[in-house]
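Asks: Take a look at the following structure, please.
The values are calculated or read from the model by the stated rules, or taken from the named source; none is laboratory data. The model shown is predicted, which means the values in this text are computed figures rather than measured ones. When we count neighbours, we look across all protein chains shown, and the Cβ atoms used for this are built from the backbone with ideal geometry, even at glycine.
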Amino acid sequence: MQPRRLALIVLLLICLPGFGQQEPSSDTTSAATSPDKPAATANSPEAAVPDLTPGADGKLSQEQMRQLLRVVADKDIENDKRQRDYTYIDREVQHNLDGQGQTKSTEVKTYEILEIYGEQVQRLIEKDDKPLDAKEAAKEEEKIQKVIDKRKNESDEDRRKREEKEAKEREDGRKFVREVADAYDFKLVGTEQVGGRDAWVIDGEPRPGFEPHMKEAKFLSKIRGRVWIDKGDLQLAKMDIEMLDTISFGWVLARIHKGTRVMLEQTRVNDEVWLPRHVTFRVDARVALFKGYNLDGDLQYRDYKKFRTTAKIVGMSEVKE
């Protein structure tokens, strides 16, 4: 992982599940939301459209908003799975800033995201919007070939361990978002259009007195956000999160400072899934108390193409033959 991208990656890992995959709070009494039972899927009865009839005051209750976000959560989990069925292009623009917030330098990199034996891998294809030279392109092909060889030669035992690890990570994510439902007070702000479609706008503010059960959830009291939920599909259309205070974590003593901000926009693809379209970020971070990262950037995703399961992935040597 490139160090200059560490802060962004951490932000997305911490915050996207929190607002994009809401699950029931621990005080919900429904048997379907018990921590001992699996979360509802997007097609299960529990994921049916919630009752969104406003109360006498014309507003949605906290419980109604929680129910809505739980449905969005289940759908977003399905989106994450389906994204692995797609290849696409990721163009990243990063501005490195000085102490006054002025741009010192700019980097532009474009990646092709591939699926190789169920694993998404990025291949660098352009720098500063220009194709790679022959040497750089060869290095990228060598990297891809190593992944192909590793997966082709993976033993049943190694595959089992990898799948178990992935399953545990997914379950940890589910536990984390249960904490989010308790960590925030939600407020329906109104309705706006996102991508030409109507969306509910909901704010999440840290709830005073929240006591986390997972160590990762201790960060939630220092993050606030706003989500836009598509009314027609009940999908996460947009999200804007902000650090209210410095967050410190990890054995390298990484810190993400107050004011750091990330915004995500998603788009409807093939009438079956919502996938990232645009991410903007402004990060002020420090790693190991020495190296500082003050930057902002813009990530754009395009050309989503569904990966056909009948396709065969071959190495470069096989292509040459």
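Asks: With the requirement that a residue be in a helix (DSSP H, G or I), among the charged types (D, E, K, R) and exposed (fewer than 10 other Cβ atoms within 10 Å of the Cβ), what does region 132-143 give you?
Replies: LYS135 - this is the single residue of region 132-143 that is in a helix (DSSP H, G or I), among the charged types (D, E, K, R) and exposed (fewer than 10 other Cβ atoms within 10 Å of the Cβ).
Asks: Pairs only if they're at least six apart or on different chains, beta carbon under 9 angstrom, first in region 60-87 and in contact (Cβ under 8 Å) with a residue 12 or more places away in the chain, second crowded, with 22+ Cβ neighbours inside 10 Å and of a type in the set (D, E, K, R); list them, first residue then second.
Replies: LEU69/GLU23; ARG70/GLU23; ALA73/GLU23; ASP74/GLU23
Asks: Moving on. When you go through (1) in a loop (DSSP other than H, G, I, E, B); (2) surrounded by fewer than 19 Cβ atoms within 10 Å (Cβ to Cβ); (3) modelled with pLDDT of 90 or more one by one for LEU234, which number turns out not to apply?
Replies: (2)
Asks: Residues GLY195, GLY259: which one is surrounded by fewer than 16 Cβ atoms within 10 Å (Cβ to Cβ) and in contact (Cβ under 8 Å) with a residue 40 or more places away in the chain?
Replies: So the residue among GLY195, GLY259 that is surrounded by fewer than 16 Cβ atoms within 10 Å (Cβ to Cβ) and in contact (Cβ under 8 Å) with a residue 40 or more places away in the chain is GLY195.
Asks: Turning to a different aspect of this structure: Under 9 Å between Cβ atoms, which residue pairs at least 6 apart in sequence (or on different chains) link something in region 291-313 that is polar (S, T, N, Q) and modelled with pLDDT of 90 or more with a partner that is surrounded by 15 or more Cβ atoms within 10 Å (Cβ to Cβ) and not in a loop (DSSP other than H, G, I, E, B)?
Replies: These pairs meet every condition: GLN300/ILE89; GLN300/ASP90; GLN300/ARG91; GLN300/GLU92; GLN300/VAL93; GLN300/ARG277; GLN300/HIS278; GLN300/VAL279.
Asks: For region 144-159, name all the residues that are part of a helix (DSSP H, G or I), of a type outside the set (Asp, Glu) and either surrounded by 13 or more Cβ atoms within 10 Å (Cβ to Cβ) or modelled with pLDDT under 90 (or both).
Replies: Let us first name the residues in region 144-159 that are part of a helix (DSSP H, G or I), namely 144-152, 156-159.
After this cut, where a residue has to be of a type outside the set (Asp, Glu) as well, the list is 144-148, 150-152, 159.
Result: ILE144, GLN145, VAL147, ILE148, LYS150, ARG151, LYS152, ARG159.
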